[in-house]
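Working notes, structure below.
The values are calculated or read from the model by the stated rules, or taken from the named source; none is laboratory data. Because the structure is predicted, anything quoted here is derived from the model rather than measured. All Cβ positions, glycine included, derive from the backbone under ideal geometry; neighbour counts span all protein chains shown.
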Amino acid sequence: MEGGRLKPAQLYESLNSRLRCTLCERRCEIPENKRGFCGVRVNLSGKLYTLTYGNISAVEPRPIEIKPFYHFYPASEAITFSTWGCNFSCMWCQNWHLSQSRPPEGEGNYIPPKEMLRMALTSRVQGTCASFNEPTLLFEYCLDLFPIAKEKGLYNTFVSNGYMSVNALRRLTEVGLDAINIDMKGNNEVYRRYCSGAEASVVWRNIKLAKKLGLHVEVVNLVVTGVNDSEEDVGYVIENHLRYAGEETPLHFTRYHPAYKFEAPPTSIATLEMAYEKAKHAGVLYPYLGNVPDHRYENTYCHACGKLLIRRRSYRVLGYSITKEKRCPQCGAEIPIVGEYCGQKK
């Protein structure tokens, strides 16, 4: 069987000759010897197995800002890892060579959780991050990795499309997930047309649940030319962000570039600035622009007095002036930052 070390999967139920996978909200009904939509969970003799446990497609230390997390352990680094497959099939995916591929034959690049932890500690990073492809497909692996990482004082993070089941999100939180960055694609039409019939309401539900569970949450909206870049589309994201995530939750409007099967031109800077200003006017305290190096809207400003608090260039923190008490040094307003600043004072 291809896909590395076969490992019994969790979160599924029997339906006579089929199995219903309950890891994500696709809830695939999988016949014997077949796989679900993601291509990495297989029904073998009436039991569900994952093909991605420890089957790592990429691993390296990366700055937390690149995820992006702008309000979580600023200037820290996380050992960032991925596997194969995805429960979406976005036409503009930057990491399509991982997300749209099935696990390679044989064991692949097998890295057990204890070895991943050793790599993190050797690299002197502050945390772990499952990213690049959809991290929900590493569910069983993260159930084993996150607790031992927490024991060593590391944080654990996800960069996700937010389409996991409620049970999956709860379980991940219970074993040590600390923060999640969720990619909100747009309205229901965007999900139906470009995400293989998925539903936007599931993602908003999980954003709200993640906040309720005590996770640090940041939301990304990749603004894709001709897909979700109208004022109406942007307004939909902002309105629901305030409703489900809240005004203090960072909202990143990220610039799209052509990739995979999508060739529309890059998002215009004017469109991104419109999104930022519209969010700010609506009451989002911390909107940001992404993939626009050197833009002033990459920075963090005090929501109360407007003072520049964190100066950035892309994923690099160039200046940090928030006090140890997580307050603005000018007006004293409380700034919602999780964790300590991990960079050099400038």
- Query: From TYR49, TYR53, which residue is surrounded by 19 or more Cβ atoms within 10 Å (Cβ to Cβ) and part of a strand (DSSP E or B)?
  - Reply: TYR49
- Message: ALA264 - would you say it is assigned to a loop (DSSP other than H, G, I, E, B), surrounded by fewer than 20 Cβ atoms within 10 Å (Cβ to Cβ) and more than 19 Å from the chain's Cα centre (by Cα)?
- Response: yes
- On the given criteria, is TYR70 assigned to a loop (DSSP other than H, G, I, E, B) and either in the same structural domain as VAL219 (by TED's automatic domain parsing) or not basic (Lys, Arg) (or both)? yes
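Yes or no, residue by residue, for (1) assigned to a loop (DSSP other than H, G, I, E, B); (2) surrounded by fewer than 19 Cβ atoms within 10 Å (Cβ to Cβ); (3) in contact with a strand residue (DSSP E or B) (Cβ under 9 Å, 6 or more places away or on another chain):
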residue: ASN87; (1), (2), (3): yes, no, yes
residue: TRP92; (1), (2), (3): yes, no, yes
residue: PRO104; (1), (2), (3): yes, yes, yes
residue: PHE132; (1), (2), (3): yes, no, yes
residue: TYR141; (1), (2), (3): no, no, yes
residue: LEU145; (1), (2), (3): no, no, yes
residue: ALA149; (1), (2), (3): no, no, yes
residue: GLY153; (1), (2), (3): yes, yes, no
residue: THR157; (1), (2), (3): no, no, yes
- Can you spot a residue in segment 207-217 that is in contact with a Cys (Cβ under 9 Å, 6 or more places away or on another chain), aliphatic (A, V, I, L, M), surrounded by fewer than 23 Cβ atoms within 10 Å (Cβ to Cβ) and farther than 22 Å from GLN94 by Cα? no
- Message: Between LYS307, LYS280, LYS324, which is in contact with a Pro (Cβ under 6 Å, 6 or more places away or on another chain) and either over 23 Å from CYS195 (Cβ atoms) or of a type in the set (Phe, Trp, Tyr) (or both)?
- Response: LYS280
